[in-house]
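Notes follow the structure.
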Amino acid sequence: MTVNVTPLHDRVLVRRLEEKETAKGGIIIPDTAKEKPHEGEVIAVGAGKIEKGHRIPLDVKVGDRILFGKYTGNDIKIDDQEYLILREEEILVKLSGNGQGGIRQEVESPTKSFG
């Protein structure tokens with residue numbers, strides 16, 4: 001599907017990549033309990049930010065897989081497909097490789113020690 005959207009300046013249009021639906025123990029996680037994924041594929045990029053009269057191109061390109069923060073960007077819907085618009089500075093990591101494995105996020109719970 002082709003999207004006819006061109007982000008402005010240093011903004012990037014991203015399609016979230018879905019995570020696996022089962023946990024390690026084989027438990028199926030329902031849609032209502034899942035968080036939105038923090039990994040996505042770049043669909044479109046802007047021309048770049050202008051600083052001191054010169055345009056600075058973006059470090060990401062269409063097709064790149066990226067990681068972004070939990071509360072970054074703006075969710076939009078185009079032709080019944082959900083996308084995210086981010087500024088380039090909100091992108092945390094550009095992933096390399098064949099893109100087959102995906103990223104597994106592990107969250108450590110804070111522990112207090114009382115002594």
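The values are calculated or read from the model by the stated rules, or taken from the named source; none is laboratory data. The shown structure was predicted, so the numbers you read here are calculated from the model rather than taken from an experiment. No Cβ is skipped: glycine too gets one built from the backbone with ideal geometry, and neighbour counts run over all protein chains shown.
Table: residues versus (1) modelled with pLDDT under 90; (2) within 20 Å of ASP10 (Cα to Cα); (3) outside any strand (DSSP E or B).
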residue	(1), (2), (3)
ILE50	yes, yes, no
ARG55	no, yes, no
GLY99	yes, no, yes
PHE114	yes, no, yes
Hey, does segment 24-38 have a residue that's surrounded by 10 or more Cβ atoms within 10 Å (Cβ to Cβ), at pLDDT 60 or above, touching a strand residue (DSSP E or B) at 6+ places or on another chain (Cβ under 6 Å) and in a strand (DSSP E or B)? no
Filtering segment 57-82 down to residues that are assigned to a strand (DSSP E or B) and in contact (Cβ under 8 Å) with a residue 24 or more places away in the chain, which residue is farthest from the chain's Cα centre (by Cα)? ILE78
Can you name the condition, by its number, that ILE85 falls short on among (1) part of a strand (DSSP E or B); (2) more than 14 Å from HIS9 (Cβ to Cβ)? (2)
